[in-house]
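Each remark here refers to the structure printed beneath this line.
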Amino acid sequence: MAIPTSRAKEKGEIRIDREICIGCGDCVEVCKDFSLEIRDGKAALSDNPAFGCIGCGHCMAICPTGAIRIYGRTISPEDLFDLPPAASASDYGQLLSLLRRRRSIREFSERAVEPEIIEKILNAAVTSPMGLPPSDVNVLILDGREKTRQFAVDFCEFLGRMRWFVSSWFLTLMRPFWGKSNDEMFRGFVKPMFDIFIGQMKKGVNVVTYDAPLAMYFYGSPFTDPADPIVAATTAMYAAESLGLGTCMLGSVHPLIQNGRGARKFRENHGIKYASREGVIVIFGYPSVEYRKGIRRTFASTTFMN
Ligand SMILES: Cc1cc2nc3c(=O)[nH]c(=O)nc-3n(C[C@H](O)[C@H](O)[C@H](O)COP(=O)(O)O)c2cc1C
Ligand code: SF4
Ligand code: SF4
């Protein structure tokens, strides 16, 4: 048995070198699949794994002697690397400064985002945690102002053909099925958004992707934990911030390109491999504006259970 993803259907293969295993039990402790146990003082395969090795690699990353190796589900011992020294990691103060300095940026200078910067963003984003390895996040990269603009032009054309979706008769028809808050959301946000996107694009103004010099669309597959693309996009966003870029998440495109024939065509035309429950676009570029103050934010609620 194994958990299926778009990239792996088989369980990982666990190889243990009993000669060099010192029986410390670290691998057993970190394996949440219950694939491992200590038998006769050495690591061994257990008889009752939960799903079958998911290929997370934790056992081989923690093993002090290199006695355990995992193959399959896209992972192998080749994927292990030396940890950067703890002292080289940013401390809380540095991280908080980065977080507090960030603003959503939609105004960009002409400067393109250099290929090595794009690579750095991806190298950071790929470290993101995921619901289940191997990551089922896909990334579509729109490199260049013309590409992000064309994507937005096509999206607005697509929205133009979908206008019935926010028409008064359709919303009235749907209200008993999707409820009051969805009705409020559609009338107060989605319909005006259609009008603004399409209306501004007719005037040549792109308020979908803001003609950003770079955009990345993070999306899943039918197997992906819906949070995974969002987690990866967030990591990419902060990595870009640390490299001096301005960024903005765009949530408006993804939900509208999931269902129906037109949406499928749009996805196909833009190299998007799957429909998926969640996804988000992040735009990047060197800002042409500079904020002078931060803005204090609050959560809707923070509840401590006593
Ligand atoms: C999930 C998500 C989706 C967003 N979608 C859009 C969008 O479609 N268009 C846009 O202009 N801004 C979008 N934003 C940016 C928000 O409007 C922005 O984060 C918010 O106004 C607060 O500003 P700040 O990010 O500077 O704190 C989105 C942000 C998030 C986190
Ligand atoms: S790779 Fe993960 S699931 Fe597989 S044996 Fe190691 S810790 Fe367990
Ligand atoms: S972590 Fe390595 S040395 Fe320790 S029990 Fe597991 S395989 Fe053996």
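Yes/no per residue for (1) at pLDDT 95 or above; (2) among the aromatic types (Phe, Trp, Tyr); (3) surrounded by 11 or more Cβ atoms within 10 Å (Cβ to Cβ):
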residue: Lys42; (1), (2), (3): yes, no, yes
residue: Gly57; (1), (2), (3): yes, no, yes
residue: Gly66; (1), (2), (3): yes, no, yes
residue: Arg69; (1), (2), (3): yes, no, yes
residue: Glu78; (1), (2), (3): yes, no, no
residue: Ser90; (1), (2), (3): no, no, yes
residue: Leu96; (1), (2), (3): yes, no, yes
residue: Arg103; (1), (2), (3): yes, no, yes
residue: Arg106; (1), (2), (3): yes, no, yes
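Give me the pairs: first residue in the stretch 10-37 and β-branched (Val, Ile, Thr), second residue part of a helix (DSSP H, G or I) and at pLDDT 95 or above, beta-carbon distance under 9 Å, and six or more apart or on different chains, which are they?
As it stands, the answer is Ile14/Cys59; Ile16/Cys27; Val28/Cys59; Val30/His58; Val30/Cys59; Val30/Ala61; Val30/Ile62, since those pairs meet every condition given.
Which residues, taken from the stretch 1-46, are part of a helix (DSSP H, G or I) and of a type in the set (Val, Ile, Thr)?
Residues satisfying the conditions are Val28, Val30.
Return yes or no: is Ser135 closer than 30 Å to Ile272 by Cβ and among the polar types (S, T, N, Q)?
It is true that Ser135 is closer than 30 Å to Ile272 by Cβ and among the polar types (S, T, N, Q).
Report every pair of residues separated by at least 6 positions or lying on different chains whose Cβ atoms are under 9 Å apart, first residue within the stretch 51-79 and under 18 Å from Arg7 (Cα atoms), second of a type in the set (Phe, Trp, Tyr).
Gly55/Tyr71
Tell me, yes or no, whether the stretch 284-305 has at least one residue that is within 24 Å of Ser90 (Cβ to Cβ), under 14 Å from the mean Cα position of the chain (by Cα) and either within 16 Å of ligand 2 (Cβ to nearest atom) or among the aliphatic types (A, V, I, L, M) (or both).
Scanning the stretch 284-305 turns up no residue that is within 24 Å of Ser90 (Cβ to Cβ), under 14 Å from the mean Cα position of the chain (by Cα) and either within 16 Å of ligand 2 (Cβ to nearest atom) or among the aliphatic types (A, V, I, L, M) (or both).
Which of (1) more than 16 Å from ligand 1 (Cβ to nearest atom); (2) farther than 28 Å from Lys32 by Cα; (3) in the same structural domain as Ala233 (by TED's automatic domain parsing) is the odd one out, the single condition Ser88 does not satisfy?
(3)
Given (1) in a strand (DSSP E or B); (2) free of Cβ contacts under 8 Å to residues at least 40 places away in the same chain, identify the lone condition not met by Pro84.
(1)
Can you confirm whether Gly12 is touching a Lys or Arg at 6+ places or on another chain (Cβ under 7 Å) and modelled with pLDDT of 95 or more?
Details: touching a Lys or Arg at 6+ places or on another chain (Cβ under 7 Å): yes; modelled with pLDDT of 95 or more: yes.
For Gly12, the condition - touching a Lys or Arg at 6+ places or on another chain (Cβ under 7 Å) and modelled with pLDDT of 95 or more - is met.
So, in the stretch 53-69, of the ones that are more than 6 Å from ligand 2 (Cβ to nearest atom) and part of a loop (DSSP other than H, G, I, E, B), which residue ends up nearest to Met130 (Cα to Cα)?
Looking at the filtered set, the residue picked out is Cys63.
Can you confirm whether Tyr238 is of a type in the set (Ser, Thr, Tyr) and surrounded by fewer than 24 Cβ atoms within 10 Å (Cβ to Cβ)?
When the stated conditions are applied, Tyr238 passes them.
Specify which of the listed residues (Leu140, Leu243) is on the phi < 0 side of the Ramachandran plot and out of contact with any strand residue (DSSP E or B) (no Cβ under 7 Å at 6 or more places or on another chain).
Leu243
Looking at Ile230, Ile281 in this structure, which one is of a type in the set (Val, Ile, Thr), within 16 Å of ligand 1 (Cβ to nearest atom), closer than 24 Å to Gly131 by Cα and surrounded by 24 or more Cβ atoms within 10 Å (Cβ to Cβ)?
Among Ile230, Ile281, only Ile281 is of a type in the set (Val, Ile, Thr), within 16 Å of ligand 1 (Cβ to nearest atom), closer than 24 Å to Gly131 by Cα and surrounded by 24 or more Cβ atoms within 10 Å (Cβ to Cβ).
The values are calculated or read from the model by the stated rules, or taken from the named source; none is laboratory data. The structure displayed is predicted, hence computed values, not measured ones. Using ideal geometry, Cβ is built from the backbone for each residue, glycine included, and neighbour counts are taken over all protein chains shown.
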